[in-house]
Every structure is written in C-alpha cells, then in structure tokens.
Ligand code: F6P
C-alpha cells in the first residue's frame, strides 16, 4: 500500500501542476464544499489515479468503521483504556452515548448548563479581568479561540498564563487589579507543575495585595479531590471526564474563559459549528468528506512525497495562535514511532507543523518556501470577509496576497521570465547570473480553506475539521492519536533536576554536558 503511494509519488514528482489545469474541470473536481467552507486542493499533484489510491487507503484502514466507533464511545485510546468522546461535548442530539455501559449525555448537558451558570455569574460580577492558568490543551484551545473571536467579546477581559517562566505571570499580573481579578485554574490532572506553580503564585499575589482568595479561584479539572486539597471547593470546580483528551477539551469546561469572553449564546454557536462538521464527517462518503480529504492530502505530501513539514498559514490575524494550537493537536497526537500494537511504524509518522499568519510570514520565511531547496506544502486559510466592514480595502489586500502566494507557488518564474525582468539592467553572463537568483521553481503544492467570516460557528467547524483530520491520519498510520507518552521523560527528569538547579543536591549521575550546563547556571547567578 505504502509502496503504491510512493511509486505514484515518484511518477509525478516533476510533472507540471500548472499543466494539470488544462483540464478545465480540475479546480471544481479537486475541491469540496461543506459547512459553508470551500477546501481547494487542486494546486497539488493529486490526480484521479492518486485520489482513488488515497481513498482506497482510507477504506483499507477502516477509517469509516473507526470513526463510527469513536462517535459511539469505543475505547480507541487503547494505551490508556479510554474512550475518545470530545464530539459528545458538542452533540446536540439526545441520542445516548455509552461509555462502560453508562449514557454520558445527561452529564454533558448538565456540565454545559453549569458552565453557563458560572460564566453568567462572572460576566455579571465586578470582575474586570479573568486569568486562565493552564498549559497545553488547558491553554492553547481557549487562548486561540478567545483571540480568534475578539469581535464577539462582551465580557471581562481574559488573559492566559501558561509558561512556568515567571515572566509570563509577572507580566500578566502587572496589568491587573487584585480586587477585580478572577483566576481559573485549568488542568485536567491538577498536577501539572507549570500550572500548579503559577496558581500558587497567583494566590501569593492576592495575599500580598491584601485580597482574600475566597471566591477568586475556579478550577476546571477531572481531578476534583486534588482541586479540593488545593483549596478550591467542589462547588467551584467544573469537572470533565477522562474521555476528553487535553488537546480536544476546548468544547467543555476548559472553554470556560472563552464562554466568559463571548457569552453562552456565542459559545453554543461555536459548538454548533463543530457539530455541523461532525455530522458531515459522519455522513459524507470518504471521497467527498472534508476531514478525510484534508488528511489524505497530508498523507500524500508527507508519507507519499516525503515532504517533512507543513506550513499552516492563516490569512486571518486573529488566528495567529492557530499554528501553535495545531502543533499540539497534530504533533502530540500523531508524533509517535510505534503502531497501536507496539511494533515500530513502517512509515513516517506525522509531519512537523508550523506557521504564522499572513501577510506577516511573507516578510519573514516565505523566501524559503518559494526558493529554498525543501518543498513545504502550504495550507492557506482565509475568510471571504473580515469583521472590519469600514476597512474592507484591507481585507481585499489580504485576500489578494493569500491568492497571490498560492499562485506563485504553483506558477513559479522561469529563467527566461527572470531574464526578461532584469534584461534592461544586465547583459551577457551577468544577466544569466542575476536572473538565476530571480527564478522561482514553482510547482510547489498548497491547499486553501475558505470560510465566509470568522464567526463562532465557523471557528467551531474549522477546529473540528482539524481534529477529525488528525483522527483520520492517525487511523491510516495505525497510531494511537490520543495518548502522549512522549512528554513524560522530560517531566520526570525536570523534577529530578530541580534540586540540582537550586544547588541543594550535587549533579551526581548526570552526563558531562548536563553537569557543565548546571555549572554555568550556578556560576552566573547573582
Ligand atoms: O504535557 C502534556 C499534557 O499532558 C497535554 O497533553 C495537556 O494538554 C497538558 O499537558 C496539560 O495537562 P493538564 O490539563 O492535566 O494540566
């Protein structure tokens, strides 16, 4: 199977993508509309033969059956023995979803009602600022979505503190009035060292400001007893179950800061957008299924063509945290070297995902994308219109730039064209030399996702699209996309290194490099 894909890739590696558009139906055929969005993957080497090979791959790997199993509450997270049911958090229907023989839907609806009650209380209170303290999935989802939905904010200001670097919380607290600040401690496990350290610092700050901590902390966690031990009583804890993975948790209590910022109705619209994508994912045939196609394009570029990274390039400034969000979603989910059964993968796992919003990236790293030696498939995202109707000309420029980039990647600029550009300034060998630097190889793949406007509902659909893409890629690679053992070793070693950094313990047993680095720290502390 992988051999078929690789041999198809070998056959078309040097083919002109631009020539593929001689087929006037290409753009329409290799694109898809769903949930009000358009996904265009025609600017790739994928043709009819390749598409059917990719769809065959999805069929062979039982994507549809595993998808149905996921929605039905099967324990797909096999290494942790857990269901994968973030989709239940946004399910509207009353249809039962069973986990271990128990219907979880009444709990889901109750939690959403509790969130609304808490959010409305906060919005109606004297708190002017809310600080979400969390990291990874307990930060990136709400931070990304809260920024994305800035035009819908009508509640207290929301801030996000994640890094254990004291600079993060210090810079945030410096802006705030202790009397008017509410802290949300967001941690599924309620043991994460960064979050617990920041939460303690918040407590100390309130104490030092002479403000009682009572009523100033809310916890979002699956570990109620740890929250209680920490001093947050059960009635101030919004809980969720272990079948909600951290990086898939923005739809429930971890999204509380977002709900506080935009209100319950907008939050429900956000869930609604995700739900329409869920429905599409569950019902559309694989070849017309947006998450499936997005995943297959990813597989084609990474496992087929061998491109090592993919750039996510939102032409939407408010999606500036989307690349970071997707880095966790995609790389923590599919950055694995063993298959579900513990054997070593026989194919590359997920790619490096990175990016920045356009047009900023154009003035930074696009040089490499256009003329570097590595081919980097680019995923552009753009809204048909912005929220700033009085600045529509800005949006026109934004769209023009987005489309120009995918066109430039496709078309490139030949040596003759480059020569013509500079022939008035140079002649002979110098003309050739100068022209070479101005050549764009082109024939570089990109996809474009278009949506009407970055509304709560559109954002919900976009995030759900990416979540399902990760699921499909993971299924095809036979990876468990829902554990993250790869983060454990560093955590354990950091705990052991703590006393060595503070010079309470000698660096016995450490390698020479680590000892040297510890030595530098201790010598250079005032
Ligand atoms: O370190 C990885 C991780 O476990 C992520 O998967 C998770 O989103 C993050 O840490 C935060 O975990 P918690 O919500 O338990 O604090």
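Just so you know, all these numbers are worked out from the coordinates, no wet-lab data involved. Keep in mind the model is a prediction, meaning the values are calculated, not measured. Because the Cβ atoms are built from the backbone with ideal geometry, glycine has one as well, and the counts that use them run over all protein chains shown.
Averaging Cα coordinates gives a centre for segment 243-284 and one for segment 407-480; these two points are 31 Å apart.
Taking a ≥ b ≥ c as the square roots of the Cα gyration tensor eigenvalues, with a/c under 1.5 meaning rounded and otherwise prolate when a/b beats b/c, else oblate, which class fits segment 86-269?
Here segment 86-269 falls in the prolate category.
Our helix-only sum for the chain, with -39,500 (n - 2.57) per DSSP H run of n ≥ 4 divided by its residues, gives a mean residue ellipticity at 222 nm of -13500 deg cm²/dmol. Using a ≥ b ≥ c from the Cα gyration tensor of segment 207-349 (square roots of the eigenvalues), is it rounded, prolate or oblate, where a/c under 1.5 gives rounded and otherwise the larger of a/b and b/c decides, a/b for prolate? In terms of gyration-tensor shape, prolate.
The C-alpha atoms of the chain define a longest principal axis, and helix 456-477 lies at about 70 degrees to it.
Taking the longest Cα principal axis of the chain as reference, the axis of helix 2-12 is set at about 50 degrees.
Between the Cα long axis of helix 512-523 and the first principal axis of the chain there is an angle of about 60°, rounded to the nearest 10. The calculated FRET efficiency for residue 68 paired with residue 265, based on their beta-carbon distance and R0 = 30 Å, is about 0.45.
Under Stokes-Einstein, with the Kirkwood radius over Cα pairs standing in for Rh, what whole-number D in µm²/s applies to segment 30-163 at 20 °C and 1.002 mPa s? Value of D from the Cα-based Kirkwood radius: 112 µm²/s.
Each principal axis of the Cα atoms in the chain has its own extent, and those three values, largest first, are 77, 62, 57 angstrom. For segment 140-188, what does the alpha-carbon gyration tensor say about shape, rounded, prolate or oblate, given a ≥ b ≥ c as the root eigenvalues, a/c under 1.5 as rounded, and a/b over b/c as prolate? Since a/c reaches 1.5 but b/c is at least a/b, the shape of segment 140-188 is classed as oblate.
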